[in-house]
1. Quick one: what pairs do we get from the stretch 296-308, first residue in a strand (DSSP E or B), second open to solvent by 80 Å² or more (accessible area, probe 1.4 Å), C-beta under 7 Å, 6+ apart or different chains?
2. Hey, among the residues in the stretch 166-184 that are part of a helix (DSSP H, G or I) and touching a helix residue (DSSP H, G or I) at 6+ places or on another chain (Cβ under 9 Å), which one's surrounded by the fewest Cβ atoms within 10 Å (Cβ to Cβ)?
3. From the residues in the stretch 284-296 that are out of contact with any Lys or Arg (no Cβ under 6 Å at 6 or more places or on another chain) and within 14 Å of residue 254 (Cα to Cα), which one is least open to solvent (accessible area, probe 1.4 Å)?
4. Considering only residues that are open to solvent by less than 10 Å² (accessible area, probe 1.4 Å) and either polar (S, T, N, Q) or over 12 Å from the mean Cα position of the chain (by Cα) (or both), which ones fall in the stretch 20-40?
5. Can you tell me which residues in the stretch 218-240 are assigned to a strand (DSSP E or B) and either charged (D, E, K, R) or open to solvent by 50 Å² or more (accessible area, probe 1.4 Å) (or both)?
6. Identify, from the list 153, 163, the residue that is open to solvent by 70 Å² or more (accessible area, probe 1.4 Å), under 25 Å from residue 115 (Cα atoms) and part of a helix (DSSP H, G or I).
7. Would you confirm whether or not the stretch 108-124 contains a residue that is of a type in the set (S, T, N, Q) and modelled with pLDDT of 85 or more?
8. Just the residues that are modelled with pLDDT of 95 or more and under 19 Å from the mean Cα position of the chain (by Cα), please, taken from the stretch 287-306.
Amino acid sequence: KKAQGGEDVAVPTVPADQQRCGLIAIVGRPNVGKSTLMNALVGQKVSITSKKAQTTRHRITGIRTDGDTQFVFVDTPGFQTRHVARGTAALNRNLNKTVQATLADVDVVLFLVEAGRFSADDQKVLALMPAGKPVMLIANKLDTIQRRSDLLPWLQSMQGKHPFTEFIPLSAQKQDDIRRLADIVRPYLPAQPWWYDEEALTDRTDRFMASEIVREKLFRLTGDELPYTSTVVIDTYTDEPPLANHPRATGIIRIAATIIVERETHKGIVIGDKGERLKRIGMEARTELERLLERKVFLEIWVKVRSGWADDDARLRTYGYE
């Protein structure tokens, strides 16, 4: 369909009066698989993953439009339940506030735990569940349970911990399980027009995704060597148009990013021997960005020391923490 100005306008395949749409929070303790589940539900990577706890630091929205329903999933930071490291109080306070604010807004909560396990940290997150809203228990990593019958006593014990609306054992790696989860959630969402375009996958900008992808590679390639009090700031993001004499070519996206660390020793860890680790971080981030953006990417990365940033509210805001 064409607008008055001549530009294309997307027309939904489902009339607005037949649409469903709602907000679904994915919550759980750190490193339980929330981002992996989000990406599986959306069908594309919109939230970064790594083995390091607290990889997700922002409220990430992922969108799945399926049939008459638009599911708007929110991947939240893992609620920080343990003693926080020195110098990270402001950051952890910010992350926990993000989780609590999200829970106040949503239509449905997916409470994610590992199948057959329930720890004290899981219990602390469960205590945050809002009254009067449907909370579904998502027992993830079902593939690690050898016999399904072994799960029954655990599920029965979970019934006494919270009035869960649904119990859904699954593996986020299996598409059949993901479709089943979407079908269970669907009737709990209100009948109302979709909030986003039918083709949308996230409300985050390409610039934000660039910072997240660099941070993911940073965490994956440094492992436990680097404390999680490191972040990435995009200094410049320039989308250059194609050259006039090459109309079929795509322009280059030029990105300048800075990795922020707490100490000089951390800077050395990130750079690595003769700069090899930083070079690999940049190479892997650029490759993934080119696949995501379907464009040629020129990526430059610097490393700077900013002591105390994770316990400084003003600096957190400067670095994009709400």
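1. Going by the 7 Å Cβ cut-off, the qualifying pairs are 296/250; 298/254; 305/263; 305/264.
2. 175
3. Ranking the qualifying residues of the stretch 284-296, first place goes to 289.
4. Passing the criteria: 21, 22, 24, 28, 32.
5. Pass one, the stretch 218-240, residues assigned to a strand (DSSP E or B): 231-239.
Passing the criteria: 235, 236, 237, 238, 239.
6. Values: 163 fails: part of a helix (DSSP H, G or I).
Answer to the check: 153.
7. Yes, the stretch 108-124 contains a residue that is of a type in the set (S, T, N, Q) and modelled with pLDDT of 85 or more.
8. Result: no residue meets the conditions.
The values are calculated or read from the model by the stated rules, or taken from the named source; none is laboratory data. Note that this is a predicted model, so its numbers are computed, not measured. Quick reminder, even Gly has a Cβ in these numbers, built from the backbone with ideal geometry, and neighbours come from all protein chains shown. Note: areas computed on protein heavy atoms with side chains; ligands, DNA, RNA excluded. Shrake-Rupley method; radii C 1.70, N 1.55, O 1.52, S 1.80 Å.
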